[in-house]
Each structure stands twice: as structure tokens, then as C-alpha cells.
Amino acid sequence: MRANLKASDKIAPGEIMDARRELMSLHKNGEQGWLSILDNKKHVKEIKDAVKQFAKYKHLLVIGIGGSDLGARAALYALRTSGKKTQIHFAGSTTDPDEINAVFEQIPWKQTAINVISKSGGTLETMSVFFAAKERLEKAVGVKKAAKAIICTTDPESGALLDFARRKGYAALPVPQNIGGRFSVLTSVGLFPLAIAGVNIDKVLASAKKLRDEWVKFGGTSHMIDQFAAHHAAHSAKGRNIHVLFSYAAALEQIGKWYRQIWAESLGKSPVIGPTPVAALGPTDQHSQLQLYQDGPDDKVYTFLTVSMFSSKLKVSQDIAKLEKLAYAKNQSFADLMRAAAQGTAQALAEQNKPVGILNLKKIDESAIGEIFTFFEIAVAMTGLLMHVNPFNQPGVEDSKQRVQEILSK
Ligand code: PA5
């Protein structure tokens, strides 16, 4: 991953060093565990053992919401892997009955296992969909066989899901207690669905570790992650409170949704500062959002997430030359069209003095996935610390869970 960030409004180097020290100390004292989990071989072995145990199922229904859903979904979508081995289906991120039915109708229950993911074990959306799915599975294969086909990813020490799993004899994978939902993609939460689908999780973890080590060992304040964080914190302080991640690869669309969550839930803590993350997709959104970006208010920071190499070599047909105005495109590769669209759009915004940064991936593979997750996890923590907000809690989400409970209890 390469970054080209023109941080016009820099934060003082001393502030960046303070934020680095604070983040490192949260990891050293064990308060946060999402950087050190990358070295936890026992955790990876538990995941791989579970994959062996469940590999006989052709389908896996993953049930979770928020941080217990978005990471695996984004990585599988980016790698286009689902179906290589076990085919993954997702439910739990909505209680819309028509959507739940539509997913359930596609599932061949006799060949399906269920992975219910909830760190707390008490999230209404997840647990209500889980019990509906469990009933379907039990109807198809019987209670005994169903019990062998269920694996719960949850807090290893307490919680309603853990208790239930123990009572029923279901398999379980731990979500380490010192890792919050939106920082959990590189734990059993994201890695079990990825591994069983056929993704090489060793490669994902290796690139995540490489970037983490590079950041940890970096002397000074000019590491690309710190610059990214400082750039966003500085522009937010100046009122540029909309942060646009403009991804130029269709496969990165769900990464945009993962980014929106980690950015919003981590940084939205104060009435005076807190960026609104926007996930845009190029070139699609050039024909939807770009007019506003170009000529609308100067309240946004843009990050272009681009890709150097696409797998397909598809070219534009010669016949396009028959349309005089488009003749210049004949024989160009579609990858060239993507690159030109990203470059042209970034240039146009930069020329209007809008803050533009570029994050470039060589290609979309397991290594890139490890890098993207690690990059944004460290970046959002650093941005939060630079903004003097706690990037690791989510009181607003907990409040809304409480209100739903109250409404339904009445
Ligand atoms: O990032 C977070 O903490 C949240 O988005 C949670 O992941 C989400 O609310 C689901 O929580 P749980 O895993 O406890 O069901």
C-alpha cells in the first residue's frame, strides 16, 4: 500500500508523538488487544481447528451485525472468494422479515452450518435471526445434528450466547475481551468465515503484521498512517467534517461500508467535532455525487482508494471508434479507464484546493485486505486520539439497543 497525502494543515509533530505513545501504552497495558492479537498463535490455531471441524458443510450462514458482520462481508466481497470452498451467506444485519426469508429460502439447510457472531451475546437483531435460523436447521436435520452444525463466536468468559452455547454443547470461538466489535475483523469474528470460504488467512495476517510492525517501529511522525490521521484531524478541526473514501474498484464497495462503521462509531463522540464518513465508488458515483464534491461546500476531505492491477485484461472494443467523440478509448483496457477516472477526478478536486489523498493498492488480494484493515484501525485510533475523543467506546449504540428493548418490552 502506498499513500500520497498532501496534508496542507498539519498537526504539530509533538501531538502526533503523544497520540502514538498513548495508543502504544493502551496496547502494552492490555486495555486494547487488536494489535497484539495478530501474534496470538493459539487464537489462529483455534480458528483453523474449527475450520477443519466445519469444512464438511458446503454452506455457512454467518449471523451478526455491525462489527460482527461488516469485516468478513467486506473481505469476502473484495476477494470474490465465497463459494471456492464453503459458500458463505449472511443474515443478522437486519430484522426485515422479507430479507430474512429471502436469505433462508436460498439455503440448502441439510448441507449448512451456522456461525452466530455476537461479542455481547445480547444483540437483538443477531439473536432473533439466530433462533429463527436454528429452528429451520433443526427442522431440516433434527436437533442433534443441528447442534453439531452450530458454532458461536462470542465473549469467552460471560454472556447469554456463551451460556446458551455451553448448555446446548455448541462449538465456540472466542472474541477477546479487549477487542471492540469494529476492531475485531482480524480475530475469529472475521477470520473464521474467511478461512472456511477458502481465503488464505495466513497471508492476511502476515501483511497486517508487517504494516503494524512498520508503524510500531517507525521513528518520527511521518509514517503514512500518522499523516493520514493528522490530515483528517486537522481538516475536521477546520470544519471539513465529511470524510469521503472514494474507492476505484467495484470489489471495494463493501470495504467502504466497513470504513463507514469504524470511522463513525469511533470518532462520533462529541457535539463539536466528529466527521461523517461517506463511502463513494468510482466511476459510478462520479455520475451521482461528484457534482456536489466539485462545486458544493468545501467541507469534505477526500481519500482515493485506487488499485494498480486488475485481474481482467478486458479491453474496449475497436468499434467504439465509430462514435467519433469516444474514439480515443478504442483498445484501451478497462483498467486504464478506471485509473484515468480516479486520476482525473482527484486532479480536478485538488485543483480546486480541496484536500485530496491517495491510497494505492497494488492489487486486491489477501495481503491488501490485511493492509486495509490494519491501516484504518490504526488510523482511526490515531485520529480519535488527535481529536481528544475516546475512539474505543460506543455509548450511542448501547443507548439505542436499550431503547429498542424498552419499546418491545411495553
Ligand atoms: O463495533 C461495535 O462495537 C458494534 O458495532 C458491535 O459490533 C455491534 O453492535 C454488535 O455487537 P455484538 O457483537 O455484541 O452483537
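The values are calculated or read from the model by the stated rules, or taken from the named source; none is laboratory data. Predicted, not measured: the structure shown is a model, and the values here were computed from it. Glycine gets a Cβ as well: all are built from the backbone with ideal geometry, and neighbour counts include every protein chain shown. The area values use the complete protein model at the heavy-atom level, side chains included, leaving out ligands, DNA and RNA. Shrake-Rupley method; radii C 1.70, N 1.55, O 1.52, S 1.80 Å.
Once C-alpha pairs closer than 8 Å and six or more residues apart are averaged by separation and normalised to the residue number of the chain, the relative contact order reads 21 percent. Between region 246-316 and region 137-173, the C-alpha centres lie 38 angstrom from each other. Loop-located trypsin sites (Lys or Arg not before Pro) across region 189-287 with a Cβ neighbour count of 14 or fewer within 10 Å are Lys238, with loop assigned by DSSP.
Taking Lys and Arg as +1 and Asp and Glu as -1, the other residues whose beta-carbon sits under 10 Å from that of Gly67 total 0. In this calculation the C-beta distance from Gln343 to Asp49 is compared with R0 = 51 Å, giving a FRET efficiency of 0.65.
Test of understanding: what is the full-extension gain from Asp39 to Gln291, defined as 0.36 nm times their sequence separation minus their Cα-Cα distance? Could you put the intermediate results ahead of the total?
Details: separation 252, 0.36 × 252 = 90.72 nm, distance 4.54 nm.
Length gained between Asp39 and Gln291: 86.2 nm.
For the peptides 228-237, 360-369, 335-344, residues were scored by their other Cβ atoms within 10 Å and the scores averaged per peptide; the highest-first order is 228-237, 360-369, 335-344. With all protein chains kept in place, the per residue accessible area of the chain amounts to 47 square angstrom at a probe of 1.4 angstrom. Specify the residue with the greatest mean-square fluctuation among Leu290, Leu162, Leu326, computed from a Gaussian network of the chain linking alpha-carbon atoms under 10 Å apart. Comparing Leu290, Leu162, Leu326 in the GNM, the peak value goes to Leu326. Accessible area per residue was computed with a 1.4 Å probe on protein heavy atoms; Val272 scores about 130 Å².
As a test of the formula, what do you get for the chain when each DSSP H run with n ≥ 4 contributes -39,500 (n - 2.57) and the sum is divided by the residue count, at 222 nm and rounded to the nearest 500 deg cm²/dmol?
Details: 15 runs with 199 residues, N = 410.
Theoretical 222 nm ellipticity from helices: -15500 deg cm²/dmol.
Express the Stokes-Einstein translational diffusion coefficient of the chain in µm² s⁻¹, to the nearest whole number, given a Kirkwood radius over alpha-carbon pairs, 4 °C and a viscosity of 1.567 mPa s. Rounded, D is 57 µm²/s.
Put Met127, Met17 in order of accessible area, largest first, 1.4 Å probe: what do you get?
Details: Met127 25, Met17 60 Å².
If we order Met127, Met17 from most to least accessible, we get Met17, Met127.
By the scheme Lys and Arg +1, Asp and Glu -1, what is the net charge of all other residues having a beta-carbon under 13 Å from that of Lys52? Please list the in-between numbers first.
Details: positive: Lys45, Lys48, Lys56, Lys85; negative: Glu46, Asp49.
Here the count lands on +2.
When the solvent-accessible area of the chain is split by element, carbon and sulfur atoms take up 52 percent of it, the probe being 1.4 Å. A straight Cα-to-Cα reach below 21 Å connects Lys401 with the lysines Lys119, Lys257, Lys269, Lys410, residues fewer than 8 places away in its own chain not being considered.
Could you calculate the contour length gain from Lys362 to Ser311, that is, 0.36 nm times the residue separation minus the distance between their Cα atoms, to one decimal place in nm? Walk me through the numbers on the way to the answer.
Working: separation 51, 0.36 × 51 = 18.36 nm, distance 1.12 nm.
Here the segment from Lys362 to Ser311 would lengthen by 17.2 nm.
Taking θ as phi - 60° and the Karplus parameters 6.51, -1.76 and 1.60, the scalar couplings of region 96-113 work out to 5, x, 5, 5, 4, 4, 4, 5, 4, 5, 7, 8, x, 4, 5, 10, 10, 10 Hz in sequence order, x denoting glycine and proline. Mean silhouette area of region 32-199, derived from the convex hull of its C-alpha atoms and averaged over all directions, reads 8.7 nm².
The amide H of Phe246, built 1.01 Å from its N in the peptide plane, has Ala280, Thr303, Phe304, Leu305 as neighbours under 5 Å, considering only residues 5 or more places off or on other chains.
Length available on full extension from Ser409 to Lys217: 0.36 nm per residue minus the Cα-Cα distance, which gives 64.0 nm.
So how strong a dipole does the chain carry about its Cα centre when Lys and Arg Cβ are +1 and Asp and Glu Cβ are -1, to the nearest 20 debye?
1500 debye
This model, with +1 at the C-beta of Lys and Arg and -1 at the C-beta of Asp and Glu, gives region 32-199 a dipole about its Cα centre of some 880 debye.
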